[in-house]
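The values are calculated or read from the model by the stated rules, or taken from the named source; none is laboratory data. Worth saying up front: this structure is predicted, and the values here are computed from it rather than measured. Cβ placement follows ideal geometry from the backbone for every residue including glycine, while neighbour counts extend to all protein chains displayed.
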Amino acid sequence: MEVKVMKKLLEASEKKAEEIRKELKERGILYLNLMSSPGSGKTTIIERTVREMKGLGFAVIEGDIQTTLDAQKMAALGVKTYQINTGPFGGECHLEAPWIATALSEMDLSGVDVLFVENIGNLVCPAEFDIGAHFNVVVLSVAEGEDKPLKYPLAFRVSQLALISKVDLLPYLDVSLEKIKENIRGVNPQMKVIPLSAKTGENFAEWLEFIRENRNSLVS
Ligand SMILES: Nc1nc2c(ncn2[C@@H]2O[C@H](COP(=O)(O)OP(=O)(O)O)[C@@H](O)[C@H]2O)c(=O)[nH]1
Ligand SMILES: [Mg+2]
């Protein structure tokens, strides 16, 4: 019996994800779901993106178990921000499509061209839930080591883009960027991979170009 209820809940969540994807496409809002382990640089990447990318309006839904720290950083940049804290509701380690739908229904999306979801920091649970994004973006910092795509393959399988972050740290680490790329492509040969640094701005332009191109093709 319990299994049946769970299946129904998952089906409802998947249906909601499809509805969100379609609605945001119709509204011309590119929706990107950033997933990574804690500290790999999601917030910093979004902050630099908002600062550097002129002419586009941004909104962010922040997922955290506790605190509004990242949401405060976004709000300080003038970004339309919505915080989902799962702590009071059992401390779930992922976001789900119905919660995103509620957030969207309560947000003012006028003038918004790009929506980021900063998912809850871990490489396991968020990958299991389709939250209706146009692109899942997995962020892996070079400091996390070469083997993480092999250890947490689902996050890499369900994503269309991998950002290899903090490449400015490479000179200080015994890590091969080529090996990280090879391991990502071993799990997902179709994956687009962009190594970048949100600190120095190295190769950041390629990420901005990805956003601009995909936002344009959504509205053309
Ligand atoms: N060296 C370096 N540090 C970074 C970079 N991006 C983020 N950080 C630092 O890494 C830490 C975690 O970043 P944050 O954006 O909060 O990660 P999140 O938990 O994934 O949102 C912070 O201290 C950032 O200043 C980067 O490109 N290079
Ligand atoms: Mg963050």
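Hey, does the range 12-28 have a residue that's within 14 Å of ligand 2 (Cβ to nearest atom), surrounded by 14 or more Cβ atoms within 10 Å (Cβ to Cβ) and either modelled with pLDDT under 95 or closer than 25 Å to residue 219 by Cβ (or both)? I'd like the intermediate steps shown before the answer.
Initial filter on the range 12-28 (within 14 Å of ligand 2 (Cβ to nearest atom)): none.
No: the range 12-28 contains no residue that is within 14 Å of ligand 2 (Cβ to nearest atom), surrounded by 14 or more Cβ atoms within 10 Å (Cβ to Cβ) and either modelled with pLDDT under 95 or closer than 25 Å to residue 219 by Cβ (or both).
Name the residues in the range 161-183 that are within 24 Å of residue 209 (Cα to Cα) and among the hydrophobic types (A, V, I, L, M, F, W, C), would you?
Looking only at the range 161-183, we keep the residues that are within 24 Å of residue 209 (Cα to Cα), and these are 161-170, 177-178, 180-182.
Answer for the range 161-183, where residues must be within 24 Å of residue 209 (Cα to Cα) and among the hydrophobic types (A, V, I, L, M, F, W, C): 161, 162, 163, 164, 167, 169, 170, 177, 180.
Could you name every one of the helices (runs of 4 or more DSSP H) located completely within the range 1-117 that has at least 2 residues being within 22 Å of residue 210 (Cβ to Cβ), touching a residue at least 24 places away in the same chain (Cβ under 8 Å) and away from ligand 1 (no atom under 16 Å from the Cβ)?
Numbers: elements: 2-26, 42-52, 69-76, 97-106.
Qualifying helices (runs of 4 or more DSSP H): 2-26.
Filter the range 160-195 down to residues that are more than 16 Å from the chain's Cα centre (by Cα) and of a type in the set (A, V, I, L, M, F, W, C), then give me how many there are. Let's see the steps before the verdict.
Going residue by residue through the range 160-195, those that are more than 16 Å from the chain's Cα centre (by Cα) are 166-190.
When the remaining residues are screened for being of a type in the set (A, V, I, L, M, F, W, C), the result is 167, 169-170, 173, 175, 177, 180, 184, 187.
Going through the range 160-195 one residue at a time, the tally reaches 9.
Of all residues in the range 138-172, which are assigned to a loop (DSSP other than H, G, I, E, B) and within 11 Å of ligand 1 (Cβ to nearest atom)?
Just the residues of the range 138-172 that are assigned to a loop (DSSP other than H, G, I, E, B), to begin with: 145-147, 152, 158-160, 166.
Selection gives 166 alone.
Name the single residue, out of those in the range 176-190 being surrounded by fewer than 18 Cβ atoms within 10 Å (Cβ to Cβ) and outside any helix (DSSP H, G or I), that is farthest from ligand 1 (Cβ to nearest atom).
Checking each candidate, the answer is 189.
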